[in-house]
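Student: If you scroll down you'll find the structure; I have some questions about it.
The values are calculated or read from the model by the stated rules, or taken from the named source; none is laboratory data. Note that this is a predicted model, so its numbers are computed, not measured. Note: ideal-geometry Cβ built from the backbone for every residue, glycine included; neighbour counts use all protein chains shown.
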Ligand code: PGA
C-alpha cells in the first residue's frame, strides 16, 4: 500500500479547502488501485473538509496537536481528543517548520505521546538540515530525532507507526535527494523504529517528503522502501496533486 499525505500548511480558507478536497475526490471517483489519501488542512477547515469527504476513500489529518491528551488550561492548544472529535484520524508531529519555530525534542516527544494516547495515528516527521548533511551526520541526526520522540512512549500495538523522512533542505526548495540516499535513510529509519518498539518491519511505514511533485512522484514511489509521500506545495493545486495520485496508481498497478 502506498500513502499520499497532503500537507496544506497555513494555506487555504475553509471554502478553498473544501473545493480542493472535492476536486481530488471527484478525480478519484470510479478508479481502482489508488493510494491511501490523507488530507491535512488547517485546523479551521477540518470540520467542513470532513463533511465534504465523509464516506470517501480519504482520511483526515491535522498538522499538529497539543502536548496533552486531555482537556485543560492550555490556551490556544488543540488536544488530540478535540481532533478526534472533528474526525481526524492522523496528526503530523514534529514537522521541521514547527521545530524551526521553536518546538524542541521534548515537546515533540510529548505530542507524539499524547497522539498515541488518543485514537489518532501520529506521523512523526524527521529530517536533517543542510549543515547536518554536509557534515556527514545526517543518519545520526535523524536516528536521534526518532529516539528522542519515541523513547518511553507507549505505542498501542494496534496502531501502525508512520515516520515521514523530510530533509529540511528539500522542503519547498525544488531539490530532492538521490533515490540511493533516500533508500539508505528509510532503511535506517525502519530498522531504528523496529529496534526501539519491537515491531515487525512491515508495521512501520516510512514516507518521503520534500519537493515531491507530479514529475518525480513515480520515481520516488516505485521504491519499495518508500511507503508513500508527504506533499506540501504540490498538494495545493488540483492538477499537480492529481498527477501525484496518478503516479501512485501507476506504481500500484505495476507492482500488483
Ligand atoms: P514541499 O513540503 O512538498 O512543499 O516541499 C513538504 C512538507 O513540508 O511537508
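Student: If you take the residues of the stretch 10-19 that are within 16 Å of the ligand (Cβ to nearest atom) and within 18 Å of residue 239 (Cα to Cα), which of them is surrounded by the most Cβ atoms within 10 Å (Cβ to Cβ)? Spell out how you get there, then give the answer.
Tutor: To start, the set of residues in the stretch 10-19 that are within 16 Å of the ligand (Cβ to nearest atom) comprises 10-12.
The next check asks that each one be within 18 Å of residue 239 (Cα to Cα); those that pass are 11-12.
Values: 11: 15, 12: 19.
Filtering the stretch 10-19 for residues that are within 16 Å of the ligand (Cβ to nearest atom) and within 18 Å of residue 239 (Cα to Cα), the one surrounded by the most Cβ atoms within 10 Å (Cβ to Cβ) comes out as 12.
Student: List the residue pairs whose Cβ atoms are under 6 Å apart, where the first residue sits in the stretch 1-20 and is closer than 12 Å to residue 207 by Cβ, the second is in a loop (DSSP other than H, G, I, E, B) and within 12 Å of the ligand (Cβ to nearest atom), and the two are 6 or more positions apart or on different chains.
Tutor: Short answer, once both residue conditions are applied: 7/232.
Student: Related question: Does residue 22 count as within 19 Å of residue 233 (Cα to Cα) and part of a helix (DSSP H, G or I)? Quick ask: steps written out before the conclusion?
Tutor: Working: within 19 Å of residue 233 (Cα to Cα): yes; part of a helix (DSSP H, G or I): yes.
Yes, satisfied.
Student: Consider only pairs whose beta carbons are under 8 Å apart and that are at least six residues apart or on different chains; among these, list those whose first residue lies in the stretch 230-247 and is farther than 18 Å from residue 175 by Cα and whose second residue is more than 13 Å from the ligand (Cβ to nearest atom) and in a strand (DSSP E or B).
Tutor: 245/37
Student: What number of residues within the stretch 158-172 are within 19 Å of residue 219 (Cα to Cα) and in contact with a strand residue (DSSP E or B) (Cβ under 9 Å, 6 or more places away or on another chain)?
Tutor: If we filter the stretch 158-172 for residues that are within 19 Å of residue 219 (Cα to Cα), which is where we start, we get 164-167, 170-172.
This time we only want the ones that are in contact with a strand residue (DSSP E or B) (Cβ under 9 Å, 6 or more places away or on another chain), so: 164-167, 170-171.
Qualifying residue count, the stretch 158-172: 6.
Student: Oh, and also: Out of the residues in the stretch 220-239 that are farther than 23 Å from residue 201 by Cα, under 17 Å from the mean Cα position of the chain (by Cα) and in a helix (DSSP H, G or I), state the one that is nearest to the ligand (Cβ to nearest atom).
Tutor: Let us first name the residues in the stretch 220-239 that are farther than 23 Å from residue 201 by Cα, namely 231-239.
If we keep only those that are under 17 Å from the mean Cα position of the chain (by Cα) as well, we get 231-236.
Still in the running and in a helix (DSSP H, G or I): 233-235.
Numbers: 233: 3, 234: 6, 235: 7 Å.
Out of the qualifying residues, it is 233.
Student: Let me ask something else. Could you list all residues from the stretch 200-211 that are at pLDDT 95 or above and more than 16 Å from the ligand (Cβ to nearest atom)? Talk me through it step by step, then tell me what you get.
Tutor: So the first thing to find is which residues in the stretch 200-211 are at pLDDT 95 or above, and the list is 204-211.
The answer is 204, and nothing else.
Student: Next up: Please verify whether the stretch 244-255 includes one or more residues that are farther than 28 Å from residue 118 by Cβ, within 16 Å of the ligand (Cβ to nearest atom), surrounded by fewer than 18 Cβ atoms within 10 Å (Cβ to Cβ) and at pLDDT 95 or above.
Tutor: Looking through the stretch 244-255, none of the residues is farther than 28 Å from residue 118 by Cβ, within 16 Å of the ligand (Cβ to nearest atom), surrounded by fewer than 18 Cβ atoms within 10 Å (Cβ to Cβ) and at pLDDT 95 or above.
Student: Give the residues of the stretch 137-172 that are within 16 Å of the ligand (Cβ to nearest atom) and buried (at least 19 other Cβ atoms within 10 Å of the Cβ), sorted by residue number.
Tutor: From the stretch 137-172, those within 16 Å of the ligand (Cβ to nearest atom) are 142, 145, 162-172; that's our starting set.
Selection gives 142, 145, 162, 163, 164, 165, 166, 167, 168, 169, 170, 171.
Student: Continuing with the same structure: Name every residue in the stretch 173-194 that is out of contact with any strand residue (DSSP E or B) (no Cβ under 6 Å at 6 or more places or on another chain), within 16 Å of the ligand (Cβ to nearest atom) and in contact (Cβ under 8 Å) with a residue 40 or more places away in the chain, in order of residue number.
Tutor: Residue satisfying the conditions is 176 alone.
Student: Another question, then. For the stretch 64-85, how many residues meet the condition of being touching a strand residue (DSSP E or B) at 6+ places or on another chain (Cβ under 9 Å) and surrounded by fewer than 17 Cβ atoms within 10 Å (Cβ to Cβ)?
Tutor: Taking the stretch 64-85 as the starting set, the residues that turn out to be touching a strand residue (DSSP E or B) at 6+ places or on another chain (Cβ under 9 Å) are 64-65, 78, 80, 83.
With the extra rule that they be surrounded by fewer than 17 Cβ atoms within 10 Å (Cβ to Cβ), the set shrinks to none.
Number satisfying all stated conditions: 0.
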